Amino acid sequence: DKDFFKRVYGADNHSFDFSSGVSKDYYKEMVDLVKLKKSDTIVDYGCGNGNLSFLLWKKYHCKIIAFDYSKDAIDICNERLKNFKKRFPQMDISFLVANNTNLPQLTKVRAVYFCDVVEHMYDNEINLAISNIKSWSQRKIKIVIHTDNNYYLRFVRPVIVFFMILLGKKTVSQAMSDKQEESRVHINLTNPNILAKKLKQLKVKHLKTLYPKVTKAKIKKQLSVFREINPII
């Protein structure tokens, strides 16, 4: 619902400026992975508030079909699209409400993007999604996936949360509530090797695994309350 997207994306839901929320580092890294042409059709699978779709269009001006199973997400996307079109009337993005059981029938798709989606899908849902994608073109389709690395979530972030509690920046009940919420929505957290094996079982050729570029600014963002302590950085 809208509360979820406000909590996850904050002001990005109402951003109509490419230089703000839609320019997050990992979006930029994702759009560079497949070199697209203006004549290409691409799919943003589980588009959320549309950030990735808008950035892909800005870079390539190609046709984008984006869908999410949340009607509230698509309402947010279409509101943003209406505002963007005042500046870019040629913007060709279709935002649809859809899930694995009522996916649109598509053809000549060049690439499909999953941005923070597969960790919310059971294995049988991933299988069904890949099966559908294979029918969307007679050519080989590139699949780009961004997902959380469970190694970080299991071994690094708990240490940060522990010290946040010690410093009074978070209560134990808040930490437990955050953990419960994550467990509720992150039903398929994985790591790069396991994800690559799953895709191989589905006869998807694994081309490469990339990790985000490590910068001091990124580390500071991840370290939260410790971002000004240089020895920790």
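The values are calculated or read from the model by the stated rules, or taken from the named source; none is laboratory data. This is a predicted model, so every value here is computed, not measured. With ideal geometry, Cβ positions are generated from the backbone for all residues, glycine too; neighbour counts draw on all protein chains shown. Side chains are part of the model used for accessible areas, which takes the heavy atoms of the whole protein and leaves out ligands, DNA and RNA. Shrake-Rupley method; radii C 1.70, N 1.55, O 1.52, S 1.80 Å.
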Practice prompt. Tell me, please, whether a residue that is modelled with pLDDT of 85 or more, of a type in the set (Ser, Thr, Tyr) and under 20 Å from the mean Cα position of the chain (by Cα) can be found in region 171-180.
Written response: no
Item to complete: Could you look through region 125-157, keep only residues that are open to solvent by less than 70 Å² (accessible area, probe 1.4 Å) and of a type in the set (Phe, Trp, Tyr), and pick out the one that is nearest to the chain's Cα centre (by Cα)?
Response: 152
Worksheet entry | Which listed residue is within 19 Å of residue 152 (Cβ to Cβ), among the basic types (Lys, Arg) and open to solvent by 90 Å² or more (accessible area, probe 1.4 Å), from 200, 213 | 213
Worksheet item: For the subset of region 102-126 comprising residues that are touching a residue at least 60 places away in the same chain (Cβ under 8 Å) and charged (D, E, K, R), which member is farthest from residue 50 (Cα to Cα)?
Response: 123
Worksheet entry | Filter result (surrounded by 13 or more Cβ atoms within 10 Å (Cβ to Cβ) and not in a helix (DSSP H, G or I)) within region 170-186 | 170, 186
Worksheet item: Among the helices (runs of 4 or more DSSP H) contained in region 1-86, which hold 1 or more residues that are hydrophobic (A, V, I, L, M, F, W, C) and touching a strand residue (DSSP E or B) at 6+ places or on another chain (Cβ under 7 Å)?
Response: 25-31, 51-60
Item to complete: Any chance you could count how many residues in region 41-62 are surrounded by fewer than 19 Cβ atoms within 10 Å (Cβ to Cβ) and not hydroxyl-bearing (Ser, Thr, Tyr)?
Response: 4
